[in-house]
Amino acid sequence: MKNWKTTASGILAALGMIFPLFGIPAEVGNAVSTLGLFLIGLFAKDSNVTGGSVSQ
């Protein structure tokens with residue numbers, strides 16, 4: 001686990017899908033999953049990218 005933020009975001013996204021099993025409305029689960037997926041995109045980065053000027 002190199003980046004705990006993406007791991008936590010993925011767990012959050014997965015939890016949103018199982019919330020309805022515990023009686024939480026599906027809309028809330030979908031919102032939590034959407035938030036988790038947004039956070040994955042926000043925190044994800046390609047391996048060893050430092051922002052240099054070399055095109056990839």
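The values are calculated or read from the model by the stated rules, or taken from the named source; none is laboratory data. Quantities reported herein were computed from a predicted structural model and do not represent experimental measurements. Cβ coordinates were reconstructed from backbone atoms using ideal geometry, including for glycine residues, and neighbour counts include every protein chain displayed.
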Where a residue in segment 34-56 is within 19 Å of Lys2 (Cβ to Cβ) and modelled with pLDDT of 90 or more and its partner, wherever it lies, is among the hydroxyl-bearing types (Ser, Thr, Tyr) and assigned to a helix (DSSP H, G or I), with Cβ under 6 Å and at least six apart: Gly36/Ser9; Leu39/Ser9; Ile40/Thr6; Ile40/Ser9
Number of the exception - Met1 against (1) over 8 Å from the mean Cα position of the chain (by Cα); (2) among the aliphatic types (A, V, I, L, M); (3) at pLDDT 90 or above: (3)
